[in-house]
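Taking it in order: structure first as structure tokens, then the write-up.
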Amino acid sequence: MYQLVLFDLDGTLTDPGVGITNSVAHALKKFGLAVPERAALYKFIGPPLHESFERYYGFSQEQAQTAVAYYREYFREKGIYENFVYDGVEELLKALRGAGRTLAVATSKPEVFAKQILEHFHLDPYFTYVAGANLDGTRTRKDQVIACALRGCGVEAPAAAVMVGDREYDIWGARKQGLDSIGVLYGYGGQTELQTAGATHLAARPGDIFSFVTKN
């Protein structure tokens, strides 16, 4: 049984699709680039933003940092709230806490924004610790964020913790830190991506996560 459950935020606890894609679109417009249909921008959900701008638009590191700044112009005012909690998530968090589990968030989103989102949706009381990226671009890789969350919760044995997320980055980060993982199929990664990355378990809905965490 796992005693500490680490949750990704975007695509796992909440669906940020509208806010993130609108923020990316804002950045692209500032560069004078054409904005594709929304679904084409879903790939920005999960990985560090600067890496996505470099990978998908061929930006230099400097251009990517500028794009992230443009992204945040929209996100901090509007995009952060163009978001909703997945059905069943709060019930899951209540059940896990009731079962004596410690919960934490490990996200590549800047920590300050992650905390605002959790507070906005009144989910913050469920979590003992929130680990996220720094606004200066440091600690953006998922394995770094997971390591921060483990330290923050005082957990030294990887076998006692499990990472829950919807993208391959969550699974890779967990593996690098020696953790098992639960890939959620209701987010933005999908079964093939999560299986290929090596997810320990796959959850079709939030309620399935409880069974994986608490089974003997």
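The values are calculated or read from the model by the stated rules, or taken from the named source; none is laboratory data. Remember, predicted model here, so these are calculated numbers, not experimental data. When we count neighbours, we look across all protein chains shown, and the Cβ atoms used for this are built from the backbone with ideal geometry, even at glycine. Accessible surface areas use protein heavy atoms only, side chains included; no ligands, DNA or RNA. Shrake-Rupley method; radii C 1.70, N 1.55, O 1.52, S 1.80 Å.
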> Do any chymotrypsin sites (Phe, Trp or Tyr not before Pro) in region 1-106 lie in a DSSP loop with no more than 16 other beta carbon atoms within 10 Å, and if so, which?
Replying inline: 31
>> Just to be sure I understand: with springs between alpha-carbon atoms less than 10 Å apart, which residue in 189, 88, 19 has the highest mean-square fluctuation in the Gaussian network model of the chain?
In response: 88
> Picking from 87, 136, 180, which is most flexible by a Gaussian network model of the chain using Cα springs under 10 Å?
Replying inline: 136
> For region 122-216, what % of the accessible area comes from carbon and sulfur atoms, probe 1.4 Å?
Replying inline: 49
>> Could you identify which residue out of 99, 25, 149 has the top mean-square fluctuation in a GNM of the chain using Cα springs shorter than 10 Å?
In response: 99
> In terms of the Cα gyration tensor, with a ≥ b ≥ c the square roots of its eigenvalues, is region 171-215 rounded because a/c is under 1.5, prolate because a/b exceeds b/c, or oblate?
Replying inline: oblate
> Per the helix-only calculation at 222 nm, which mean residue ellipticity applies to the chain, given -39500 (n - 2.57) for every DSSP H run of n ≥ 4 and division by its residues, nearest 500 deg cm²/dmol?
Replying inline: -13000 deg cm²/dmol
> Residue by residue through region 130-137, which ³J(HN,Hα) values in whole Hz follow from phi under the Karplus form 6.51 cos²θ - 1.76 cosθ + 1.60 (θ = phi - 60°), with glycine and proline marked x?
Replying inline: 10, 10, x, 6, 8, 5, 7, x
> Cα axis of helix 89-98 to longest principal axis of the chain: angle in degrees, 0 to 90, nearest 10?
Replying inline: 30
> Taking a probe of 1.4 Å, how large is the accessible area per residue of the chain, in Å²?
Replying inline: 44
> Do you know the relative contact order of region 158-205, to the nearest whole percent, from alpha carbon pairs under 8 angstrom that are 6+ apart?
Replying inline: 37
> Using 1/(1 + (r/R0)^6) with R0 = 25 angstrom and r between the beta carbons of residue 191 and residue 76, what's the FRET efficiency to the nearest 0.05?
Replying inline: 0.15
> What is the gain in length, in nm to one decimal, between residue 29 and residue 205 on full extension, counting 0.36 nm per residue of separation less the C-alpha to C-alpha distance?
Replying inline: 59.8 nm
>> Let me check against my output: what whole-number percent is the relative contact order of region 23-135, with C-alpha pairs under 8 Å and at least 6 apart?
In response: 23
>> Output the 0 to 90 degree angle, nearest 10, between the alpha-carbon long axis of helix 17-30 and the longest principal axis computed from the alpha carbons of the chain.
In response: 30
>> What does the charge count around residue 113 come to, taking other residues whose C-beta lies under 9 Å from its C-beta (Lys +1, Arg +1, Asp -1, Glu -1)?
In response: +3
>> At R0 = 35 Å, how high is the FRET efficiency between residue 37 and residue 156 if r is their beta carbon distance? Nearest 0.05 is fine.
In response: 0.15
> Going toward the positive end of the dipole of the chain, with +1 on Lys and Arg Cβ and -1 on Asp and Glu Cβ, which of 173, 40, 16 do you reach last?
Replying inline: 173
>> Using a Cα-Cα cut-off of under 25 Å, which lysines could be cross-linked to residue 43, ignoring same-chain neighbours fewer than 8 residues away?
In response: 29, 30, 78, 109, 115, 142, 176
